[in-house]
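Quick notes on the structure that follows.
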Amino acid sequence: MKSQVPEKQNTLFVGSLAKGLKILRAFDESATELSLSDLVKLTGLEKSAVQRLANTLHLEGMLDKDPATKRYRPSHAWLEMAYAYFWSNPLVRLAMPKLIELSHQFNATVNLAELSGDHILYVSRVPGRKGQFASMLVGRRLPALSTAAGRAILSTMPKDQRDIFVETWPLKQMTPRTTMDRSLISQSIDEAQISGYSMTHDQSILQQTGIAAPIRGPNGQAFAAIQCSVSTHLWKLERVQQEILPYITEAANGIAPHVRG
């Protein structure tokens, strides 16, 4: 998330470091290998600055560079930082045994999702036996408003606060059936506030149902959720509610008392 203090007013802000991080953030699932010109286009920085920053990041081991194409890609150092993150996040340690148990029980992908700005981030994922490659990778970010996990988390916030988020947070048409009507999204979150869970259909992947229960902190508000994704061909609405919902909710409620504010 960006600093809440304007750069010129924050005397501790290091502009050159921020530019270097901007280079790193240019990489994602749709931009895995980037040339200097690609980095210039994606970051908006001057070519000379991009050249110096990318070379420094390469020499410091943060970026690999193909000797033939001169294109950059993330290095193993990113995995080392992710490893450190997992050990530093107590919620991951608390949730992982429950995610494994639920995934085996339903033969479905089960995720621990945390709120990251106006998106949700999958910080732990246990795929089912027929899980796709994308469902196995941690770190995927999706617009919070379009996910069961995001709506479940938002449902625990004060009404005036979540109304602002519904009106201002981004939406992305990920499937032909992704809901772009903010009033319908607001209604869905209001229903989740009453029921204690959120359910979505066809929002990020067609023929997929997502169901999520919030993990509440001591103040009753959530910043994370346990979410399960299943095929609508195999799991009808009634079956999801009867066979998955109670266990997802029980797991989330079981973690909540151990979460610190």
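The values are calculated or read from the model by the stated rules, or taken from the named source; none is laboratory data. What you see is a predicted model, and the numbers here were worked out from it, not measured in a lab. Here the Cβ is made from the backbone with ideal geometry for all residues, glycine too, and neighbour counts use every protein chain on show.
Values computed for the structure shown
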item: Residue in the range 45-52 that is at pLDDT 95 or above and within 27 Å of the chain's Cα centre (by Cα) present; result: yes
item: Those residues of the range 19-65 which are small (Gly, Ala, Ser), under 20 Å from ARG141 (Cβ atoms) and not in a loop (DSSP other than H, G, I, E, B), in sequence order; result: ALA31
item: Hits in the range 87-115 - residues which are over 15 Å from ALA212 (Cβ atoms) and outside any helix (DSSP H, G or I); result: ASN89, ASN107
item: Single residue of VAL138, VAL110, VAL126 found to be among the β-branched types (Val, Ile, Thr), over 17 Å from ARG216 (Cα atoms), surrounded by 19 or more Cβ atoms within 10 Å (Cβ to Cβ) and in contact (Cβ under 8 Å) with a residue 40 or more places away in the chain; result: VAL110
item: Test result for PRO170, farther than 16 Å from TYR122 by Cα and in a helix (DSSP H, G or I); result: no
item: Residue match in the range 66-75 (condition: assigned to a helix (DSSP H, G or I) and at pLDDT 95 or above); result: no
item: The range 108-135, residues that are out of contact with any helix residue (DSSP H, G or I) (no Cβ under 9 Å at 6 or more places or on another chain) and at pLDDT 90 or above; result: LEU121
item: Every pair of residues 6+ apart whose Cβ atoms lie under 8 Å, when the first sits in the range 241-256 and is more than 12 Å from ALA95 (Cα to Cα) while the second is hydroxyl-bearing (Ser, Thr, Tyr) and crowded, with 18+ Cβ neighbours inside 10 Å; result: LEU245/TYR197; THR249/TYR197
item: Qualifying residue in the range 65-79 (condition: in contact with an Asp or Glu (Cβ under 9 Å, 6 or more places away or on another chain) and crowded, with 19+ Cβ neighbours inside 10 Å); result: yes
item: Residue within the range 198-217 that is in contact with a Gly (Cβ under 6 Å, 6 or more places away or on another chain) and assigned to a loop (DSSP other than H, G, I, E, B) present; result: yes
item: Residue within the range 178-185 that is assigned by TED's automatic domain parsing to the domain that holds ALA212, under 22 Å from GLU243 (Cα atoms) and of a type in the set (Gly, Ala, Ser) present; result: no
item: Filtered residue count, the range 231-261, keeping only those that are exposed (fewer than 14 other Cβ atoms within 10 Å of the Cβ), at pLDDT below 90 and in a helix (DSSP H, G or I); result: 2
item: Residue check for THR156: crowded, with 16+ Cβ neighbours inside 10 Å, touching a Ser or Thr at 6+ places or on another chain (Cβ under 9 Å) and not in a strand (DSSP E or B); result: no
item: Of residues in the range 17-44 being at pLDDT below 95 and polar (S, T, N, Q), the one nearest to GLU114 (Cα to Cα); result: SER30
item: Exclusive hit being without any contact (Cβ under 8 Å) to a residue 60 or more places away in the chain and in contact with a Phe, Trp or Tyr (Cβ under 7 Å, 6 or more places away or on another chain), set THR209, THR168, THR178; result: THR209
